[in-house]
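Before any comments, here is the structure.
The values are calculated or read from the model by the stated rules, or taken from the named source; none is laboratory data. Quick caveat, the model's predicted, so the values are computed rather than measured. Cβ atoms come from the backbone with ideal geometry, glycine included; neighbour counts cover every protein chain shown. Only protein heavy atoms, including side chains, enter the accessible area calculation; ligands, DNA and RNA are left aside. Shrake-Rupley method; radii C 1.70, N 1.55, O 1.52, S 1.80 Å.
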Amino acid sequence: MSRKKFAHLLEKYQRGECSPREKKFVEYWFGLVETKPQQDENEVDWQELEEKIWGQMHARMQTSETGRDSRVMPLGGRSMKWAGIAASLVLICWFLTSDRFGMNSWLPGRETGKGDWVEYKNTSSKSEMVALEDGSTVELWPDAVLQYPKHFSENKRTVHLTGKAFFDIEKNPEKPFFIYSGDIITKVLGTSFYVEAPGTSRNPKVEVVTGTVAVYEKPKAGRQQVDNIILKPNQQAVFLAGQHKFEAGLVAEPRLIGMSGADAVSRFKFYNTPLSKVVENLRLSYGIDIVLENNKISNCPLTANLAGQPLYTQLDIICAALKTKYKITGTSIQISGKGCSTNSI
C-alpha cells in the first residue's frame with residue numbers, strides 16, 4: 001500500500017465511510033502509535049497520526065532478517081471502539097510482529113515454510129489479511145491457501161492461490177505481479193481484484209475492482225494456448241477448462257469507480273434528463289459500456305432519484321419508467337425500446 005493510498009484510507013475512516021475490512025486494517029495500525037486511548041476522537045491530529053502510522057508501516061516492511069517477511073491479520077470478530085484500540089491492539093501487534101519465541105502459533109491460520117517460499121492456509125471461519133513484502137495485501141477467504149516467496153525476484157512477483165482471495169496489488173511497472181490459480185494465470189501491474197480457484201472447481205474466476213488485468217491459460221506442452229483476455233473494472237472472466245476458453249461478463253454487483261458518497265448522491269438525481277445523458281452518467285460511474293439500441297429512446301426524459309441503488313436496480317427503475325428493457329451481452333449492456341412520449345415522470 002502506497003502513502004497516497006493510506007492517506008485516502010485514513011480520510012475515509014474519518015468520514016466513517018470505511019468498509020469493515022478497511023476499518024479493521026486502520027484500527028490495527030492505530031494500536032502501534034496511539035498512547036492516549038481516552039483521547040477525544042474530535043481532538044486527534046489526523047495528519048500527525050498519519051505520519052506516525054505510515055512510519056511504523058514502512059519500518060515494519062523493512063523488518064530484520066530474523067523477523068517475518070509478511071504479516072497476517074485476522075479480519076473477523078467485533079469492531080473495536082476508539083477508546084479500546086491502544087489497550088487491546090498493542091499486545092496483538094507485538095504478537096503479530098514477534099516470531100523469535102514462536103508466538104504466532106495462536107493465529108487461526110497455519111503458516112509453513114518451504115525453502116524460500118511460505119505457504120499460508122486460512123483455517124479460520126473468517127477472512128484473514130496477508131501483507132506481502134512489497135506492500136501488496138491479500139485477503140484470504142476461509143480454507144484458501146496462498147503460497148508466496150519470502151522475497152520477490154528482481155523482475156517479477158509471483159504467488160500461487162487455491163481458494164478465493166481479494167488482491168490489492170502495489171503498483172510497480174518494472175515488476176509485474178502474477179497469480180497462478182488452477183489452470184489460469186493473472187497478470188497485473190497494480191490494481192485490486194478477486195480470484196477464485198477452489199480446489200474442487202474446474203472453472204477458476206477473476207473479478208476486477210480497479211485497474212486492468214490480463215488473464216490467460218497456464219501453458220501446457222503439446223497444447224495451443226488460448227488468447228489472453230483483458231479485464232477492466234466490474235468485469236469478470238470464468239475459465240471453462242473443458243473447452244479451454246474464457247467466458248467474459250459483468251460482475252454480479254458492479255461497484256462505483258473513484259467516487260465518494262456525496263458524489264454518488266448528487267450524480268444519480270435526474271430531472272427531465274434525456275436517457276442518453278443518464279446512460280453516459282452510468283457509463284462513467286461504473287466503467288461499463290452501456291449502449292442505446294436506437295435514437296428514438298435517446299431523448300426520452302427521466303425524472304428519478306437513483307442514489308443508493310445498485311446498478312441493476314437503477315436499470316430496472318429506468319426501464320420501468322421509460323418502458324424500455326435491457327440485456328447484458330458479454331461485458332456490455334444494451335437498452336432497447338420503441339420510443340417515448342415527451343411527458344416526464
Going through region 289-298 one residue at a time, which ones are in contact with a strand residue (DSSP E or B) (Cβ under 6 Å, 6 or more places away or on another chain) and touching a residue at least 40 places away in the same chain (Cβ under 8 Å)?
Asp289, Ile290, Val291, Leu292, Glu293
Could you pull out the residue among Glu174, Glu170 that is in contact (Cβ under 8 Å) with a residue 12 or more places away in the chain, outside any strand (DSSP E or B) and either among the aliphatic types (A, V, I, L, M) or open to solvent by 40 Å² or more (accessible area, probe 1.4 Å) (or both)?
Glu174
Filter result (assigned to a loop (DSSP other than H, G, I, E, B), modelled with pLDDT under 85 and within 27 Å of Gly287 (Cβ to Cβ)) within region 192-227:
Asn203, Val226, Asp227
Report yes if Val265 is in contact with an Asp or Glu (Cβ under 8 Å, 6 or more places away or on another chain) and either at pLDDT below 90 or of a type outside the set (Gly, Ala, Ser) (or both), otherwise no.
no
From the residues in region 116-132 that are open to solvent by 60 Å² or more (accessible area, probe 1.4 Å) and closer than 19 Å to Tyr180 by Cα, which one is nearest to the chain's Cα centre (by Cα)?
Lys121
Residues being more than 15 Å from Val208 (Cα to Cα) and under 19 Å from the mean Cα position of the chain (by Cα) - total across region 149-169
7
